[in-house]
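The values are calculated or read from the model by the stated rules, or taken from the named source; none is laboratory data. Only a predicted model underlies this, so the values are computations on that prediction, with no experimental measurement involved. Cβ: placed from backbone, ideal geometry, glycine included. Neighbour counts: every protein chain shown.
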Amino acid sequence: MNADYYQVSTHEVLEKLAVTQDGLTEKEAKHRLEKNGPNQLAGEKRTTILQKFINQFKDLMIIILLVATVISLLIGEASDALIIFLVVVLNAAFGVFQEAKAENAIDALQKMTTPYTKVRRNGQVQQIQSDQVTLGDIVLLEAGDVVPADARIIEAYNLKIEESALTGESVPTEKNSEILTTTAPEIGDQNNMVFMNTNVTYGTAEVVVTAIGMQTQVGQIATMISGVEQTTTPLQRNINHLSKILSILILVIAAVIFIFGTLTGRETPFGMLLTAISLAVAAIPEGLPAIVTITLALGTQAMSKRNALVRKLPAVETLGTTEIIASDKTGTLTQNKMTVEQIMIDQKLRPITDYTLPLSSRLATIMILANDSQQTPDGLLGDPTETALLQYFLDQDDSLEEVTEHYQRIDSIPFDSDRKLMSAIVQTPADERFCLTKGAVDVLLGRVTQIEIAGEVRPITEEDRQQIKQVNSQLAASALRVLAYAYKPLSAETTDADYEQDLIFSGLTGMIDPERPEAQAAVAKAKAAGIRPLMITGDHQETAQTIAKRLGILPEDSTDGVITGRELSAMSDEQLRQEVEHYSVYARVSPEHKVRIVKAWQSHGKIVAMTGDGVNDAPALKTADIGVGMGITGTEVSKGAADIVLADDNFATIITAVEEGRKVFANIQKAVQYLLSANLGEVLTLSLMTFANWDIFLPVQILWINLVTDTFPAIALGVEDGEPDAMTHKPRGANSTFLSNGVGSSIIYQGILESFLTLGVYLLALLYPVHSSSAMIHADALTMSFITLGMLQLAHAFNCKSIHRSIFSRTTFSNKFFNWAILGSAVLLAATIFIPGFNQIFHVTPLNLTQWGMIFGAVLAMIIIVEVVKFVQRKTVYRNL
């Protein structure tokens, strides 16, 4: 652990670790490696493909379906058993396929470890594999290195470390060896420490290793990831709840039918047992797992076309329930690159949207030449602040060579944290020499004696200085990083000590990591859809607040709504739970804070989506109901912990994915409504027939209706187009189920309606017979009710294309797969009557036109009644539809 190494001197740190600046001896290093283990992250045990496959069968609905398969075989219905079994296996295969594609987050952390590191042992510098670095090793760092372990800085020369993957801060942190006096500073404020897997962007350093492997900050994050419990999604909770209710009801109804039928002598006990079992099999919506899986799989395909790659199937639907989107700032809402936004020249502040700095200006010359960045075929390399200055001109299609070819850099004075300046000494072909300087405004102003305005140089006045300071304060208040620029002609008599004295002021630049262009519209769309966007970042409060206001996460005139990590640390979990809803921006936070914030929102019953791209985001991504990783800038760790990865790192893609998630849920809900109302109709019909002592359907008839009307129409409902106004409604919330929004009541009345219409046709057949034989009359009645029940269900599938909208719209027949599914099912149902030989198998009789007229009359009545109810609902309860 890093303990309090940041609070003691380097001498005390070396003493604690029992090492000198000459480094460990080889013998001591070997001993420590044996004692502490290698410098690597512990892997997490993977489940095998077989284990993943077996896990798919732990769902209650799947277990019931497997029992139904065995029952179907026992009563001689091999085809029904085969269909059910194939549905179950297909569902399991989809689940295994998705899980197999996911990479383990801990393994991804392991891959990030640097392969080689320079250390000093026995007084000699040598290169070793980074997993052989141990406690007390003296490590030598330079620009371009990846830090191999957590370490205390002994000596640092202009050192800057890019820590965004760990802290979320977009600007590299300046590091030094000075003792910190702050109590329990956040990681981003520990300026005398370096951390495993961060990047050296500038300078050099000698550091002593204070923590390795799982004891590092990255290791602690890995421990948090592996310790996070996998939350069940709303979809999984919905299906589990529905499965339990259906299981109990089905078993109770089947038992009642069996007991009543046996006691009244309707059938032999064995005959009634077969009927009860057949009813139970028919009542189970065996198509539901397949429908859910196929609908989710199609949703993943649609989302992948829109740059959202799904790693876990249920995540598709979970997005549709999202009420909170907690987004990281750097690289997610912003572009993760510093950009010049404001330029002060000739004592005027100009936004770059309204002004183009001429390449011929003195300020442009200083920005380009007082700069250690390099232009390469692969892009700009160097400190992000300096590369931003060059990128400004490249974005204007300026050629940097026009400046660099005219001036030769002959010397430089590197930046250091004490001077807060850097200078380049340049020479022209005419042997003119200049000192070009950039740095902190207050420091540089103290060395300025003149100012250049419109090409003319004059002494700087106190009014000029106050104006510059005022602009600096204005830019800083907007969270811009401000740099000042000055120059000085050099004569032969000018000494090195005078280079940065008596400078001529040229101007200022204000830089920031700007928001993504599409992010503001995405935030507005999220709010319109009833989703609350949050910003959770490791960056500074002022920067986070500014970006949040520019994006619309915070109102422009807001003075609150922001909380820092230090303030969070002072809160108990209960205090945070009570106050979390007051804040939309969480700044300067650590990985532990992010997890606490997500849990606090979840404690209010909210469905939370968390986006992120850094190592520090991984625990919160895994804790959230839906973790969204970044595909381009994201670390492999964040991708591995996420449920969905954005291929384009576009925050707006999250909103399109939410829309797809809402469509997926709506389609599954339609299928549930269709299946349960149809199955309720079957159960009620058979129950009432039994209690009324009428003829009842035979097991083969029950199973055939179930086979031809359940699966394909319900699957077809799962591929319907989304409702056009899906993103104008609030999220349905964590407590909503498939039976919410009027679906539960619709299932009940529609199931009752199907049953009554079926029994009505049965009675009509008895009242208006076409035969004189009693046996034939009852056979016709049973045949007509059998066909009626099946046809009612197929017609009702059209009703279920929209829960509340009318069937009479131009989109009614737009889904070709749905049309073919209904037609195919109707043909299979009619085949029992029209194909020779099927009459005997299914115990049905041929029907005349009058009898078919009664059947289609019932079908028409079903459509009309449901339409009337929908109309009333739209005019009363659901006026907005």
How many residues are farther than 13 Å from residue 739 by Cβ and not polar (S, T, N, Q) if we restrict to region 675-687?
6
Filter result for residue 856 (among the aromatic types (Phe, Trp, Tyr), part of a helix (DSSP H, G or I) and touching a helix residue (DSSP H, G or I) at 6+ places or on another chain (Cβ under 9 Å))
yes
Only one residue in 456, 432, 462 is among the acidic types (Asp, Glu), in contact (Cβ under 8 Å) with a residue 12 or more places away in the chain and more than 30 Å from residue 203 (Cβ to Cβ), so which one is that?
432
With region 96-146 as the region, which strands (runs of 3 or more DSSP E) entirely inside it contain at least 3 residues that are surrounded by fewer than 18 Cβ atoms within 10 Å (Cβ to Cβ), within 31 Å of the chain's Cα centre (by Cα) and at pLDDT below 80?
none
Can you give me the number of residues within region 375-424 that are closer than 30 Å to residue 191 by Cα and surrounded by 12 or more Cβ atoms within 10 Å (Cβ to Cβ)?
27
Looking at region 467-497 only, could you name the residues that are within 14 Å of residue 444 (Cα to Cα) and not in a strand (DSSP E or B)?
468, 469, 472
For residue 571, which of the numbered conditions (1) closer than 23 Å to residue 217 by Cα; (2) free of Cβ contacts under 8 Å to residues at least 60 places away in the same chain; (3) touching a Gly at 6+ places or on another chain (Cβ under 7 Å) fails to hold?
(3)
Six or more apart or on different chains, Cβ atoms under 8 Å: show the pairs whose first residue is in region 765-779 and under 15 Å from residue 848 (Cα atoms) and whose second is surrounded by 13 or more Cβ atoms within 10 Å (Cβ to Cβ) and hydroxyl-bearing (Ser, Thr, Tyr).
765/785; 776/845; 779/845
What strands (runs of 3 or more DSSP E) completely inside region 371-429 contain at least 1 residues that are modelled with pLDDT of 90 or more and of a type in the set (Lys, Arg)?
408-413
Within the group 554, 576, which residue is under 23 Å from residue 621 (Cβ atoms), free of Cβ contacts under 8 Å to residues at least 60 places away in the same chain and either in the same structural domain as residue 594 (by TED's automatic domain parsing) or not in a strand (DSSP E or B) (or both)?
576
Among the residues of region 823-831, is any touching a residue at least 12 places away in the same chain (Cβ under 8 Å), more than 21 Å from residue 757 (Cα to Cα) and assigned by TED's automatic domain parsing to the domain that holds residue 766?
yes
For region 478-508, which positions are on the phi > 0 side of the Ramachandran plot and crowded, with 16+ Cβ neighbours inside 10 Å?
479, 507
Yes or no: region 306-324 includes at least one residue that is at pLDDT 90 or above and either not assigned by TED's automatic domain parsing to the domain that holds residue 489 or not in a helix (DSSP H, G or I) (or both).
yes
Within region 796-843, restricting attention to residues that are over 49 Å from the mean Cα position of the chain (by Cα) and assigned to a loop (DSSP other than H, G, I, E, B), which residue is modelled with the highest pLDDT?
835
Got at least one residue in region 444-451 being part of a loop (DSSP other than H, G, I, E, B) and either under 22 Å from residue 475 (Cβ atoms) or of a type in the set (Val, Ile, Thr) (or both)?
yes
Of those in region 766-823 that are surrounded by fewer than 17 Cβ atoms within 10 Å (Cβ to Cβ) and of a type in the set (D, E, K, R), the residue farthest from residue 749 (Cα to Cα) is 816
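Per-residue answers, yes or no, for (1) without any contact (Cβ under 8 Å) to a residue 40 or more places away in the chain; (2) in contact with a helix residue (DSSP H, G or I) (Cβ under 6 Å, 6 or more places away or on another chain); (3) hydrophobic (A, V, I, L, M, F, W, C); (4) in the same structural domain as residue 583 (by TED's automatic domain parsing):
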| site | (1), (2), (3), (4) |
| --- | --- |
| 352 | no, no, yes, no |
| 357 | yes, yes, yes, no |
| 364 | yes, no, yes, no |
| 367 | no, yes, yes, no |
| 371 | no, yes, no, no |
| 376 | yes, no, no, no |
Where the second residue is at pLDDT below 75 and of a type in the set (Asp, Glu) and the first is more than 19 Å from residue 12 (Cβ to Cβ) and outside the structural domain of residue 417 (by TED's automatic domain parsing) and lies in region 167-185, which pairs have Cβ atoms under 7 Å and are six or more apart or on separate chains?
none
Within region 688-695, identify whether any single residue is of a type in the set (A, V, I, L, M), buried (at least 23 other Cβ atoms within 10 Å of the Cβ) and either over 15 Å from the mean Cα position of the chain (by Cα) or closer than 24 Å to residue 587 by Cα (or both), and answer yes or no.
no
Does residue 532 satisfy being surrounded by fewer than 22 Cβ atoms within 10 Å (Cβ to Cβ), in contact (Cβ under 8 Å) with a residue 40 or more places away in the chain, under 21 Å from the mean Cα position of the chain (by Cα) and over 18 Å from residue 730 (Cα atoms)?
no
Selection count where residues are under 47 Å from the mean Cα position of the chain (by Cα) and more than 21 Å from residue 673 (Cα to Cα), scope region 776-794:
0
Return yes or no: is residue 501 within 30 Å of residue 365 (Cα to Cα), in contact (Cβ under 8 Å) with a residue 40 or more places away in the chain and not small (Gly, Ala, Ser)?
yes
Take the residues of region 527-551 that are in a helix (DSSP H, G or I) and charged (D, E, K, R): which is modelled with the lowest pLDDT?
542
Any residue at all in region 149-163 that is more than 26 Å from residue 8 (Cβ to Cβ) and of a type in the set (Val, Ile, Thr)?
no
What is the one condition in (1) closer than 17 Å to residue 717 by Cα; (2) of a type in the set (D, E, K, R); (3) at pLDDT 90 or above that residue 867 does not satisfy?
(1)
Please tell me if residue 615 is out of contact with any Asp or Glu (no Cβ under 6 Å at 6 or more places or on another chain), at pLDDT below 85 and under 25 Å from residue 188 (Cα atoms).
yes
